[in-house]
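This report refers to the structure that appears directly beneath it.
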Amino acid sequence: MNFSAILYIVIIICMTIFIRCSTESYISTYDFVIIGAGSGGSVLANRLSEVAEWKILLIEAGKEEIFLTDVPLLAPIMQITDYNWGYRTEPKKGQHGYCLSMVDGRCNWPRGKAVGGTSVINFMIYTRGGKADYDKWEAYGNTGWGYDDILPYFLKSENNRLKYHDKRYHSSNGYLDVSDVPYVSRLRNPFLQSAKEFGYKINDYNAERLLGFSAIQANLRNGRRVSASKAFLDPIRQIRKNLRILTFARVVKILIEPETHRAIGVKFLDRNQKMHIVKAKREVLLCAGTLNSAQLLMLSGVGPRQHLKQLGIQVIEDLPVGYNLQDHVSMGALTFLVNDTVTIMESRLLTNPVNVFDYFIKGTGPFTVPGGAEALAFIDTKTFLERDNHQDETADYPDIELVLGIGALTGDLSGSMRHLFALTDDFDRQVFADHKGSDAFSIVPILMKPKSYGRVSLRSANPLDPPILEANYYEQQEDLDTMIRGIKAGIKVGMSQAFKHFNTTLLPMTFNGCDRFVFNTDEYWSCVARHISTTLGHFTGTCKMAPRTNGGVVDPRLRVYGVKSLRVIDASIMPEIIAGHTCAPTYMIGEKAADMIKEDWAVSTI
Ligand SMILES: Cc1cc2nc3c(=O)[nH]c(=O)nc-3n(C[C@H](O)[C@H](O)[C@H](O)COP(=O)(O)OP(=O)(O)OC[C@H]3O[C@@H](n4cnc5c(N)ncnc54)[C@H](O)[C@@H]3O)c2cc1C
Ligand SMILES: *[C@@H]1O[C@H](CO)[C@@H](O)[C@H](O)[C@H]1NC(C)=O
Ligand SMILES: *[C@@H]1O[C@H](CO)[C@@H](O)[C@H](O)[C@H]1NC(C)=O
């Protein structure tokens, strides 16, 4: 039996034991009904339930975490369990397509389905994005969202445990642990030391400057995952009687009165497929994430008029819901062979019981590395590639992030990584066959500020149908050009002096469909980028916060335009994707929203 088979069995056994068969009862009117217990929803549930006289209902389609979801290295494997909604993109084949090496030309788009949401299956990397990101949000007309306004909300959440950090930008009083990864591989230092060769510094990327190289800062406690649920719900769930959490409850519609345009409650299916209605006296707060928040709004009559009419949905408010979709696309197969046993390989991990012992008893060892990602660099590829002396000290706009992965598809003997991306067996045979079992690491270039936009739309008026997801990766040539520079920059780092003592070799892979191009040319990488368009799951923007005249769905207080008592509070409100991973910014959005809600109600009740 191989690794993934064993894991499947373990997971299934654990789930059967852990599923709680509680009989849920609930009152049918609350002050606030929160849809979705993900990153945004969990923060809100915590902060709003601080007000003792408010009754809060948190409705979640998924279930509770188990000890396996806590294991950082296993993060990718959670995507092949039912902790993932299991969405896939629409295919776009041909020369200008994307996800071309995936089964049916469709990429997997993972979304967490759990108390804790996507933070239960994500890679736990803690990044906030750059000052420029938020100042731009504000410049779009979103008063109160500039960097200086939002920084306090990052600090409010944070419980900092990092050895090295810039104290002016961190705090240790919040709920969310931010810590170092206990395990340090022999690849981490060469990666960090290579910074010097490119005129970059090793820095705290959540402080003064974003550009630089760094070990990852992660949401870990004792080497285990800290999800939204662990951070924001566990400390309060037993204590606060005014907060009720419903699991296995899937919202199918937000009830909005057509005459008054007021959101009055939600309709949901329980685990036995029975329909229920709960009412919200004050507000309905939509936190279902970028894909599902857009879907639920449209199902409830808020969205593009033509689209809704075609599906026979009564239009309540005509808004550009589902557009402005952005994600961080990457090229996850840039592989470097090494001549030493320094990488993480399934075969070695499992045959050595010390690793398992270290993790469970001490909270250390390779199992604590989040998805195998150990270090990262935010770079500006133009100066990185064109000047070999030093980085421009004034600009601070990364166009590419490089992530060091201390394993690669060559070590993926069971195929679990490959299935995750939905890479075809053909692809795997052709590219990796000669090198299966070789030690290798990867450097993953990620496109930080895409100019192409995707879209979420409804497949039908049936709420149980998955939405239509168009990624539109590389629709704009500029995005492809940037990714090619990112791949070249990744190669420079992998082949730098710092790695020389491992005799690094760029895996001379000829990808299916790209063999007509000369290896390691721009044309070749451009083809590869369209084939291996791997996602980081950083979907944002479908309920854009902006003035209505500028494609906005919500205003700067996150209220849906034209609908009363309804706000959206999750990654979907980002007007533009930030240069970084999107979980911490979503916590920040939750913190800020909670304060705005408290402000708004204090004002109107006085
Ligand atoms: C594989 C992967 C790795 C990632 N790695 C990182 C990382 O390392 N660092 C980082 O910062 N970010 C990472 N991210 C992104 C980050 O986790 C998300 O951006 C963030 O968690 C989004 O928060 P959210 O509140 O918008 O949505 P979610 O956390 O997805 O929450 C939405 C919740 O709503 C629930 N829901 C949806 N529809 C319904 C319904 N109809 N009824 C009831 N409940 C519903 C869902 O089940 C879910 O629990 C990663 C994402 C993925 C997919
Ligand atoms: C270094 O790698 C090359 C292949 O790129 C190989 O031919 C050579 O034998 C390796 N040297 C050592 C010392 O491992
Ligand atoms: C790997 O290759 C480098 C460079 O050729 C060499 O110095 C080193 O000794 C090799 N390491 C091993 C374990 O073979």
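Rounded to the nearest 0.05, what FRET efficiency do Asp425 and Leu506 have when you use their Cβ-Cβ distance and R0 = 25 Å?
0.60
Averaging sequence separations of C-alpha pairs under 8 Å and six or more residues apart, then dividing by the length of the range 458-606, give the relative contact order as a whole percent.
Numbers: 124 pairs, mean separation 20.3, N = 149.
Worked out over the range 458-606, it gives 14 percent.
Contour minus end-to-end for Asn462 and Gln477, with contour as 0.36 nm per residue of separation and end-to-end as the Cα-Cα distance?
1.8 nm
In percent, what relative contact order does the chain have, based on Cα pairs under 8 Å that are 6 or more apart in sequence?
Answer for the chain is 22 percent.
Using only alpha carbon pairs under 8 Å that are at least six residues apart, calculate the relative contact order of the range 187-343 and give it in whole percent.
With pairs under 8 Å counted, the relative contact order is 11 percent.
Accessible area per residue of the chain at 1.4 Å probe, in Å²?
37 Å²
Relative to the present Cα-Cα distance, how much length would full extension add between Met596 and Thr521 at 0.36 nm per residue of separation? Write down the numbers at each step before the final one.
On the way: separation 75, 0.36 × 75 = 27.00 nm, distance 5.14 nm.
This chain segment gains 21.9 nm when fully extended.
How far apart, in nm, are two points set 7 Å out from the Cα along the Cα-to-Cβ line at Ile361 and at Tyr561?
Spacing of the two 7 Å Cα→Cβ label points: 6.1 nm.
Which percent, to the nearest 5, of DSSP beta bridges fully inside the chain are antiparallel?
Here the share of antiparallel DSSP bridges comes out near 65 percent.
How are the C-alpha pair distances of the range 116-225 spread across 5 Å bins, as whole percents from the shortest bin up?
Percent of Cα pairs in each bin: 2, 11, 18, 20, 20, 15, 9, 3, 1, 0.
Let me know the Rg and Dmax you get for the range 312-427 when you use only its Cα atoms, in Å.
20.9, 63
Jot down the per residue volume, in cubic angstrom and as a whole number, of the convex hull over the alpha-carbon atoms of the range 39-86.
100 Å³
Which whole-number value in Å³ per residue fits the convex hull of the alpha carbons of the chain?
Once divided by residue count, the hull of the chain is 148 Å³.
For the pair Arg240 and Ala207, how long in nm is the line joining their label points, each one 7 Å along Cα→Cβ?
That separation, rounded to one decimal, is 3.3 nm.
Protein chains only, probe 1.4 Å: how do Tyr397, Tyr98 rank by accessible area, largest first?
Tyr397, Tyr98
Mind ranking His501, His170 by accessible surface for me, highest first, 1.4 Å probe?
Ranking His501, His170 by accessible area, largest first, yields His501, His170.
Using a Förster radius of 35 Å, what is the FRET efficiency between Arg548 and Lys382 based on their Cβ-Cβ separation? Nearest 0.05, please.
In this case the efficiency is close to 0.45.
Which distance in nm do the two modelled labels at Thr341 and Ala139 give, with both placed 7 Å along the Cα-to-Cβ direction?
That separation, rounded to one decimal, is 5.3 nm.
Determine how large the accessible area of Phe378 is when every protein chain is in place; take a 1.4 Å probe and give Å² rounded to the nearest 10.
0 Å²
Roughly how many whole Å is it from the C-alpha centroid of the range 31-88 to that of the range 508-582?
Spelled out, the Cα-based centre of one part sits 22 Å from the other.
How big is the charge dipole of the chain about its Cα centre, in debye rounded to the nearest 20, if each Lys and Arg gets +1 on its Cβ and each Asp and Glu gets -1 on its Cβ?
1480 debye
Hey, any idea what % of the chain's accessible area is carbon plus sulfur with a 1.4 Å probe?
Ligands and nucleic acids excluded, carbon and sulfur reach 53 percent.
Before rounding to the nearest 500, sum -39500 (n - 2.57) across all DSSP H runs of length at least 4 in the chain and divide by the residue total; then give [θ] at 222 nm in deg cm²/dmol. Can you show the working numbers first?
Working: 15 runs with 155 residues, N = 606.
Per the formula, -7500 deg cm²/dmol.
Give the cross-link partners of Lys449 among the lysines, using a straight C-alpha distance below 21 Å as the criterion and excluding same-chain residues fewer than 8 apart.
Filter leaves Lys131, Lys136, Lys382, Lys488, Lys544.
By how many nm would the segment from Arg168 to Lys93 lengthen if fully extended, with 0.36 nm per residue of separation less the alpha-carbon distance?
Working: separation 75, 0.36 × 75 = 27.00 nm, distance 4.87 nm.
My answer for the length gained is 22.1 nm.
The values are calculated or read from the model by the stated rules, or taken from the named source; none is laboratory data. Bear in mind the structure is a predicted one, so any value in this text is a computation, not a measurement. With ideal geometry, Cβ positions are generated from the backbone for all residues, glycine too; neighbour counts draw on all protein chains shown. Surface accessibility is based on the protein's heavy atoms, side chains included, excluding ligands, DNA and RNA. Shrake-Rupley method; radii C 1.70, N 1.55, O 1.52, S 1.80 Å.
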